[in-house]
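All of the numbers you see were taken from the coordinates with simple rules; none came from a lab. Here the structure is a predicted model, which is why all the values come from computation and not from measurement. Don't worry about glycine lacking a Cβ; one is built from the backbone with ideal geometry, like all the others, and counts go over all protein chains shown.
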Amino acid sequence: KLGYVNGEIAKPNATDPNFLDWEAHDNNVMTWLFNSMDPSIYEIFAYSETARDLWTALKEMYGHADNSSRIFEIQQELVNVVQAPNQSFTKHYGNMKRKWDELRQYRPL
């Protein structure tokens, strides 16, 4: 289904006999993407016409290379992290690992 997102599976003309199948698959992909979003993010992109349009809009908004403010914010969260008195080590470690993983997305090795 990646082809619907990256444009490899192009939208056929509405008169093309494959159009209805394409539209159904594209709508499924859009649903998957929307279901992975926070509702406040969904509201911004809810009127995208295709999965490709949705993905392009998401990349334009969130895919820019300069995420320095978010990188700084994550680094500060990691520096200031404190295990709560009633929090298990596993839960604490999981929270830290999520931050490290997010940081790695912005700054790949």
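Being surrounded by 11 or more Cβ atoms within 10 Å (Cβ to Cβ) and either among the small types (Gly, Ala, Ser) or farther than 21 Å from Lys1 by Cβ (or both) is the filter here; which residues of region 13-46 pass it? Passing the criteria: Ile44, Ala46. Taking each residue of region 1-28 that is under 16 Å from Leu54 (Cα atoms) and looking for partners that are surrounded by 15 or more Cβ atoms within 10 Å (Cβ to Cβ) and among the small types (Gly, Ala, Ser) with beta-carbon atoms closer than 7 Å, six or more apart or interchain, yields Tyr4/Ala51; Val5/Ala51; Asp26/Ala51.
Only residues that are acidic (Asp, Glu) and under 30 Å from Lys11 (Cα atoms): list them for region 50-109, please. The answer is Asp53, Glu60.
Beta carbons closer than 8 Å, at least 6 apart along the sequence or on distinct chains, pair a first residue in region 85-99 that is under 15 Å from Ile74 (Cα atoms) with a second that is surrounded by 10 or more Cβ atoms within 10 Å (Cβ to Cβ) for Asn95/Val81; Met96/Leu78; Met96/Val81; Lys99/Ile74; Lys99/Glu77; Lys99/Leu78; Lys99/Val81. Taking region 59-90 as the range and being surrounded by 11 or more Cβ atoms within 10 Å (Cβ to Cβ) and acidic (Asp, Glu) as the test, the residues that pass are Glu73, Glu77.
Is region 47-58 home to any residue that is surrounded by 10 or more Cβ atoms within 10 Å (Cβ to Cβ), in a helix (DSSP H, G or I), without any contact (Cβ under 8 Å) to a residue 12 or more places away in the chain and within 17 Å of the chain's Cα centre (by Cα)? Yes, region 47-58 contains at least one residue that is surrounded by 10 or more Cβ atoms within 10 Å (Cβ to Cβ), in a helix (DSSP H, G or I), without any contact (Cβ under 8 Å) to a residue 12 or more places away in the chain and within 17 Å of the chain's Cα centre (by Cα).
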